[in-house]
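What follows is one structure encoded as structure tokens, with my remarks underneath.
The values are calculated or read from the model by the stated rules, or taken from the named source; none is laboratory data. The structure presented is a predicted model; accordingly, all values stated were derived computationally and were not measured. Backbone-built Cβ (ideal geometry, glycine too); neighbour counts: all protein chains shown.
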Amino acid sequence: MREQSTDILIVGGGLGGVAAALAALRLGRQVILTEATDWIGGQLTAQAVPPDEHPWIESLGCTASYRLLRESIRDYYRHHYPLLPAARADPRLNPGQGWVSPLCHEPRVAVAVLEALLAPYRASRQLQVLLRHRPIAADTEGDRVRAVTLLDESTGAEVTIAAAYILDATELGELLDLAHVEHVIGSESQQETGEPNALPGAANPLDQQAVSWCFALDYLPEEDHTIEQPEDYAFWRSYQADFWPAPQLSWTDVDPETLLTRHRAIFNGPSDRVHAEDFWHYRRIFYRQHYPQGLYPSDITLVNWPQIDYWLGPLLGVSAEEAQHNLRGARQLSLSMLYWMQTEAPRLDGGYGYRGLRLRPDIVGTSDGLAKHIYIRESRRIRAEFTVLEQHVGVEARGTLRGAEQFFDSVGIGTYRIDLHPSTGLRTYVDIPSWPFQIPLGMLLPVRVENLLPACKNAGTTHITNGCYRLHPVEWNIGEAAGALAATCLEKGLMPRQVRNTPAHLEDFQNLLRRTYRIDLAWPEPRITSR
């Protein structure tokens with residue numbers, strides 16, 4: 001077994017992990033960043049989800065480095081793709097013209113941009129990136145985590161990495177379990193948190209948000225790209241949850257906000273319109289009309305729709321065998337949805353099936369066409385020195401108060417609706433308005449362990465507030481703050497708890513975030529987050 005050491009070990013190369021690495025590297029620390037897949041970028045890349053962002057993202061509400069990431073993605077298209085002049089000159093170029101975000105793009109472009117951001121530090125060996133490395137054990141001593149052992153999936157070899165600070169940026173908070181860090185999974189009870197939308201009875205650790213195995217499609221209507229019928233197609237073709245208004249494989253679903261029945265098909269007109277209220281345009285990641293006529297045969301869209309939300313079983317709190325069973329179920333659901341669309345889905349012209357829908361494995365970097373990693377909405381969450389509740393951020397829960405709770409220890413800002421997808425407790429959506437919020441430092445501090453920090457969806461939220469803290473820009477901000485905190489503690493010989501609980505140290509750290517990282521710590525005015 002190999003052994004290594006570094007200043008800061010970041011396990012998990014998603015958005016939070018990359019942001020944490022960049023923050024620590026800027027302060028001169030040695031960093032090892034590991035990632036279980038062969039793509040860094042997490043939900044933006046390996047999970048293939050275009051950024052879910054708030055309405056003001058172009059002007060405020062994210063860190064300077066996240067804004068750099070967004071603009072670098074646009075510049076990648078300007079420099080490497082044969083855009084028409086109008087598209088190239090558009091300062092708010094949306095490569096896919098999807099309406100879920102003003103920046104819908106191919107996941108591999110984000111991989112290239114993230115790699116470019118890290119490249120200068122890799123050249124100097126200040127940063128080492130270990131891809132296809134999965135954590136399998138943690139060595140703890142008292143209230144510290146000394147080292148993490150990872151399995152190299154490419155070779156089968158193991159490596160143990162010791163570090164002064166260890167950041168858990170894994171998608172499921174894997175180090176929290178391996179290092180016995182106090183944590184929560186699933187839904188808390190209303191009695192425990194007082195949250196209006198928490199479970200009214202007992203807590204349910206197995207009540208976790210649905211996961212989704214995303215995939216990319218283009219459409220060649222004169223061709224037949226029908227896949228082989230999936231093994232579980234008969235089950236999914238007939239399955240309907242009690243809380244759902246129609247079979248899972250249909251164009252009928254639920255409006256997340258109103259909970260009213262909704263009908264939305266893949267097409268409600270030509271596929272290459274600039275905008276349409278259909279699924280094709282929802283997360284479209286490549287728009288062929290940005291380019292000379294005839295150069296590209298089709299737009300490309302990313303399927304992350306309600307029909308592929310898998311809620312029949314959780315990934316956490318169950319045996320490895322059951323977790324694998326549920327991962328397989330999610331894959332089968334996604335493939336079954338594709339097969340249904342190709343063969344049985346009602347068409348606008350009265351026929352059935354869009355056989356020209358074609359999987360694009362090249363877009364997601366896999367051989368089977370499904371994303372490298374399942375899309376995770378909910379992780380293990382630390383029991384934190386401070387936990388954000390619905391009462392701190394929810395519009396309804398705040399009552400007559402205007403704006404979210406103001407936190408003295410803010411390390412950033414974000415905003416999104418409290419957006420919880422149907423859960424493995426077989427509950428429907430919880431999708432309610434929230435106030436733009438701050439990210440308190442206390443939510444990054446475990447109640448006991450001193451040198452492990454969360455840097456993904458595993459910070460101190462509840463099942464409810466995870467719904468607004470889980471999206472791309474907030475995960476990035478959490479990771480950036482965690483990386484800066486670890487580097488600051490090493491530089492000054494402090495512990496994270498000292499930084500938060502000593503006014504002078506907290507002021508210094510917040511000034512560092514403002515001045516060096518250009519992170520806003522407060523919103524200029526209260527405003528309600530909407531779609």
Flagged in segment 183-202 as at pLDDT 95 or above and either within 16 Å of ALA482 (Cβ to Cβ) or touching a helix residue (DSSP H, G or I) at 6+ places or on another chain (Cβ under 8 Å) (or both), in numbering order, are HIS183, THR193, GLY194, GLU195, PRO196, ASN197, ALA198
Matching residues in segment 40-71 (in contact (Cβ under 8 Å) with a residue 24 or more places away in the chain and part of a helix (DSSP H, G or I)) number 9
If we ask which residues in segment 142-166 are without any contact (Cβ under 8 Å) to a residue 40 or more places away in the chain, in a strand (DSSP E or B) and over 25 Å from MET495 (Cα atoms), their number turns out to be 2
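Conditions (1) in contact with a strand residue (DSSP E or B) (Cβ under 7 Å, 6 or more places away or on another chain); (2) assigned to a loop (DSSP other than H, G, I, E, B); (3) touching a residue at least 12 places away in the same chain (Cβ under 8 Å), marked per residue:
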{"position": "ARG355", "(1), (2), (3)": "no, yes, yes"}
{"position": "ILE363", "(1), (2), (3)": "yes, no, yes"}
{"position": "SER367", "(1), (2), (3)": "no, yes, no"}
{"position": "GLU378", "(1), (2), (3)": "yes, yes, yes"}
{"position": "GLU396", "(1), (2), (3)": "yes, no, yes"}
{"position": "THR400", "(1), (2), (3)": "no, yes, no"}
{"position": "GLY403", "(1), (2), (3)": "no, yes, yes"}
{"position": "VAL411", "(1), (2), (3)": "yes, no, yes"}
Answer yes or no as to whether ALA116 is out of contact with any strand residue (DSSP E or B) (no Cβ under 7 Å at 6 or more places or on another chain), within 13 Å of GLY13 (Cβ to Cβ) and not charged (D, E, K, R). no
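Conditions (1) in contact (Cβ under 8 Å) with a residue 24 or more places away in the chain; (2) assigned to a loop (DSSP other than H, G, I, E, B), marked per residue:
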{"residue": "GLN191", "(1), (2)": "no, no"}
{"residue": "ASN197", "(1), (2)": "yes, yes"}
{"residue": "LEU206", "(1), (2)": "yes, yes"}
{"residue": "ASP218", "(1), (2)": "yes, no"}
{"residue": "THR226", "(1), (2)": "yes, yes"}
{"residue": "GLN240", "(1), (2)": "no, yes"}
Expected output for segment 322-339 (first residue in the same structural domain as GLU231 (by TED's automatic domain parsing), partner buried (at least 19 other Cβ atoms within 10 Å of the Cβ) and of a type in the set (Gly, Ala, Ser), Cβ below 8 Å, 6+ apart or cross-chain) is ALA330/SER212; SER334/SER212
Can you say whether ARG78 is without any contact (Cβ under 8 Å) to a residue 12 or more places away in the chain and part of a helix (DSSP H, G or I), as far as the supplied structure shows? no
Suppose the filter is assigned to a helix (DSSP H, G or I), modelled with pLDDT of 95 or more and farther than 21 Å from LEU22 by Cβ; does CYS468 pass it? yes
Please go through segment 254-291 and give me each residue that is among the hydroxyl-bearing types (Ser, Thr, Tyr) and touching a residue at least 60 places away in the same chain (Cβ under 8 Å), ordered by number. TYR282, TYR287, TYR291
PHE286: passes all of (1) in contact with a strand residue (DSSP E or B) (Cβ under 9 Å, 6 or more places away or on another chain); (2) of a type outside the set (A, V, I, L, M); (3) surrounded by fewer than 17 Cβ atoms within 10 Å (Cβ to Cβ); (4) over 28 Å from LEU260 (Cα atoms) but (3)
Please go through segment 413-439 and give me each residue that is hydrophobic (A, V, I, L, M, F, W, C) and assigned to a strand (DSSP E or B), ordered by number. ILE413, ILE418, LEU420, VAL430, ILE432, PHE437, ILE439
Can GLU153 be described as closer than 28 Å to LEU327 by Cα and surrounded by fewer than 16 Cβ atoms within 10 Å (Cβ to Cβ)? yes
Among the numbered conditions (1) part of a loop (DSSP other than H, G, I, E, B); (2) in contact (Cβ under 8 Å) with a residue 24 or more places away in the chain, tell me where ARG108 comes up short. (1)
So which of ALA123, ALA169, ALA119 ends up being among the hydrophobic types (A, V, I, L, M, F, W, C) and touching a residue at least 24 places away in the same chain (Cβ under 8 Å)? ALA169
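Conditions tested, residue by residue: (1) hydroxyl-bearing (Ser, Thr, Tyr); (2) under 23 Å from ARG417 (Cα atoms); (3) out of contact with any strand residue (DSSP E or B) (no Cβ under 9 Å at 6 or more places or on another chain).
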{"site": "LEU217", "(1), (2), (3)": "no, no, no"}
{"site": "HIS225", "(1), (2), (3)": "no, no, no"}
{"site": "PRO230", "(1), (2), (3)": "no, no, yes"}
{"site": "VAL254", "(1), (2), (3)": "no, yes, no"}
{"site": "SER271", "(1), (2), (3)": "yes, no, no"}
{"site": "GLU277", "(1), (2), (3)": "no, yes, yes"}
{"site": "PRO306", "(1), (2), (3)": "no, yes, no"}
Does GLY294 satisfy the condition of being touching a residue at least 12 places away in the same chain (Cβ under 8 Å) and surrounded by fewer than 23 Cβ atoms within 10 Å (Cβ to Cβ)? no
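Listed here are the residues, each with its yes/no results for (1) in a loop (DSSP other than H, G, I, E, B); (2) charged (D, E, K, R); (3) within 24 Å of the chain's Cα centre (by Cα).
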site: ALA323; (1), (2), (3): no, no, yes
site: GLN332; (1), (2), (3): no, no, yes
site: LEU335; (1), (2), (3): no, no, yes
site: LEU338; (1), (2), (3): no, no, yes
site: ASP349; (1), (2), (3): yes, yes, no
site: ARG358; (1), (2), (3): no, yes, no
Scan segment 90-101 and give yes if some residue there is without any contact (Cβ under 8 Å) to a residue 60 or more places away in the chain, out of contact with any strand residue (DSSP E or B) (no Cβ under 7 Å at 6 or more places or on another chain) and of a type in the set (Lys, Arg), otherwise no. yes
Within segment 56-77, restricting attention to residues that are more than 13 Å from VAL113 (Cα to Cα) and surrounded by fewer than 16 Cβ atoms within 10 Å (Cβ to Cβ), which residue is modelled with the highest pLDDT? ALA64
With ALA19, ALA48, ALA24 as the choices, which residue is assigned by TED's automatic domain parsing to the domain that holds GLU475, small (Gly, Ala, Ser), over 30 Å from ILE418 (Cβ atoms) and crowded, with 21+ Cβ neighbours inside 10 Å? ALA24
